[in-house]
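Before any comments, here is the structure.
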Protein chains: 2
Amino acid sequence: MTEQVAWELYRSFLGVLREGSLSGAARALGITQPTVGRHVVALEQALGVTLFTRSQTGLLPTETALAMRADAEAMANMAAALARSASDHGNGVSGVVRVSASEVIGVEVLPPVLARLREQYPALQIELVLSNRVQDLLQREADIAVRMLRPEQAQLLARRIGEIELGLHAHPVYLARHGVPQTVADLAAHAVIGYDQPTAFIRKLGKSVQAFDRDTFALRADSDLAQLALIRHGAGIGMCQVALGRRDGLQRVLPQAFSLQLETWITMHEDLRHSPRCRVTFDALAEGLMLHLAG
Amino acid sequence: MTEQVAWELYRSFLGVLREGSLSGAARALGITQPTVGRHVVALEQALGVTLFTRSQTGLLPTETALAMRADAEAMANMAAALARSASDHGNGVSGVVRVSASEVIGVEVLPPVLARLREQYPALQIELVLSNRVQDLLQREADIAVRMLRPEQAQLLARRIGEIELGLHAHPVYLARHGVPQTVADLAAHAVIGYDQPTAFIRKLGKSVQAFDRDTFALRADSDLAQLALIRHGAGIGMCQVALGRRDGLQRVLPQAFSLQLETWITMHEDLRHSPRCRVTFDALAEGLMLHLAG
DNA sequence: CATCGGCTATGCATTTTTGTATGACTGAAC
DNA sequence: GTTCAGTCATACAAAAATGCATAGCCGATG
């Protein structure tokens, strides 16, 4: 087995897979379409495999190509991580660190924390990746992640921040107009804001919060940010972080019936422990989140 | 942040890191020394970092370069995995699968299993990686691993094979000449074969097997294979798999005092579940190992 | 049905990368 | 001290990859 496949070819291959066409990949990669085309041909020859079925409206990836995608993405992640760790040379805190968090945390909680951190270390650059999908730190999609789950991998360095409490909230204006529900049954007469497609996380909670079911929602949104915005604008009653509700002057509703504790963890690959930029960011996130929880 | 670092540069960089010199890397990569040198220079410029301090006796990697090594290795693993999964296209079972196992398992147990498997699927190619270090399947150092530990990662598909029992053994000739020890104390008068540097695994067992300590060993070898060979040639008394001892006509000694159960698992990345070549190999390994355990 | 915007494929000139050959240096061995 | 095997750096020619321009094809749109 000849190991002589140029790595550039994989990069072009991934580009085509992502963009769906030679031209698109060329644009994304900053090279020209004929070059990308030649790369793909070269890769197919090197591997002895058909990767795409050509059509003039684009390229259709074969099964083989699809199966290779995950590894190609991982390879790209590694390349990016490599570039990041290279930016970490000086003794000082500098370079790029990539932080992953949920949308709500990333939009509502992290900005002030990161702003302060940047003020302290102006040479530090931060990439914020917001996604509710659990990022894979081992594959280096991010350097540091804020998660609601205790990490399981031994190679991960984790610190428990505490518990974020979720509860039902509404804007005072809404409650003034529609009344404050006193029992769970009262909710039926209210505009309840909830999810549309249940995520894995919601399914896991599942039955634990009864009477909070898709069919009962008057307003459905999969984006947690959208739900939060709806609550804030008095559209109805929905779940959000208690700390956020308090901060924004929202009123909590039925606190005894609806309360959810989310364990919060900050996680980092243990190899990065001795990287100043990661270490510093890790600590700043921990401190900032604890402050947020304290309210 | 320009993402325009050619991936080839990383490959040459890793080559230099591995080989310790431009010339060595060039040989390993099948290109010439000036090219590797230029690649390194290009990478240093692209990243704005000094990766090596030049000397005419070789290149000395900087801290930065060393910190980047792990990611570079991971990237290389991904490239290799990519090439392997490409070889998996046909409907039939073909292509390369990389199996990792301990030295003893790999030398003493797997060969017949793999031979039979290859007879059944001639288009299947197998790379056997023997190492007592726990291979990292998530980083794709291997497709399938035989391990003595229950895997912890959720992304790994694992099957428990059973328990491998270790016990003290000696060749009948040795025992005929030196007598069969009847008590643990008797061992002091015997040639006991053991480890030199305790591995993490041995340290973990630690005190569980008393009277089996480095200082008491007459023959020390870190290679399990060497220990096994010594036992087989009547050099003394040592630990080995009971199944192997039985197969080779070794006699077990002090079975009640020295018995160790090792859980055995076969592990695979879950993404590979639908890869015929991996699936088939996984099953063959499971079956073969169970047969081995049954004796 | 003609047009337009998207795509791929190909020929050709140019740029870039690579290899070859060589020189200069180091450290170990004799 | 000299030789030898190893290293890196550099100059120049050869090879290869790239970009440009263009042709051809498809599908949507008016």
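Laboratory data are not the source of any read-out in this text; all were calculated from the coordinates shown. Everything quoted here is computed from the prediction, not taken from an experiment. All Cβ positions, glycine included, derive from the backbone under ideal geometry; neighbour counts span all protein chains shown.
Of the trypsin sites (Lys or Arg not before Pro) found in region A:211-274, not one falls in a DSSP loop while having at most 16 other beta-carbon atoms within 10 Å. Label-point spacing for residue B:35 across the identical copies (point 7 Å from Cα in the Cβ direction), in nm and ascending order: 1.8. Remark on residue A:162: its backbone amide H falls under 5 Å from those of A:264, a criterion applied only to residues 5 or more positions apart or on other chains, H modelled at 1.01 Å from N.
When the helices of chain B are scored as -39500 (n - 2.57) per DSSP H run of n ≥ 4 and the total is divided over every residue, the value at 222 nm lands at -12500 deg cm²/dmol. Only the Cβ atoms of Lys and Arg (+1) and of Asp and Glu (-1) were treated as charged; on that basis the dipole of region B:164-262 about its Cα centre amounts to roughly 140 debye. Each residue, residue A:27 and residue B:291, gets one label point 7 Å from its Cα in the Cβ direction; the gap between the two is 5.7 nm. Under 5 Å from the amide H of residue B:97 lie the amide H atoms of B:125, B:126, B:127, each residue being 5 or more positions distant or on a separate chain, with H modelled from the backbone and absent for Pro and chain starts. Which trypsin sites (Lys or Arg not before Pro) from region B:119-191 combine a DSSP loop assignment with at most 15 other Cβ atoms within 10 Å? Those satisfying the criteria are B:133. Calculate, for residue A:133 and residue A:226, the FRET efficiency according to 1/(1 + (r/R0)^6) with r their C-beta to C-beta distance and R0 25 Å; round to the nearest 0.05. Given R0 = 25 Å and the Cβ-Cβ separation, E is 0.90. The rotation axis taking chain A to chain B passes closest to the C-beta of one chain A residue; that residue and the distance in whole Å read A:7, 2.
Applying the Karplus relation 6.51 cos²θ - 1.76 cosθ + 1.60 with θ = phi - 60° to region B:244-249 yields 3J(HN,Hα) values of 5, x, 4, 4, 9, x Hz, where x marks Gly and Pro. If both residues of a DSSP beta bridge must be in region A:164-262, then about 75% of such bridges are antiparallel.
Of the GluC sites (Glu not before Pro) in region B:146-181, the ones in a loop by DSSP (not H, G, I, E or B) with at most 12 other beta carbons within 10 Å are B:152. What is the sum of charges, Lys and Arg at +1 and Asp and Glu at -1, for the other residues whose Cβ falls under 14 Å from the Cβ of residue A:116? Net charge around residue A:116: -2. Seen from residue B:171, the other residues with C-beta closer than 12 Å to its C-beta sum to a net charge of +2, counting Lys and Arg as +1 and Asp and Glu as -1. For chain A, the membrane-span-like helices by this rule, meaning whole DSSP H stretches whose C-alpha atoms cover at least 20 Å of axis and whose Kyte-Doolittle mean is 0.0 or above, are A:33-47, A:63-86, A:276-294; this says nothing about an actual membrane. Please give the Cα centre distance for region B:6-50 versus region A:73-104, rounded to the nearest Å. Rounded to whole Å, the Cα centres lie 22 Å apart. Residue-wise HN-Hα couplings along region A:177-184, as the Karplus relation 6.51 cos²θ - 1.76 cosθ + 1.60 with θ = phi - 60° gives them from phi, are 7, 9, x, 9, x, 9, 10, 4 Hz; Gly and Pro carry x. Label zone (residue B:160, point 7 Å along Cα-to-C-beta; backbone nitrogen cut-off 17 Å) within region B:233-276: B:261-268.
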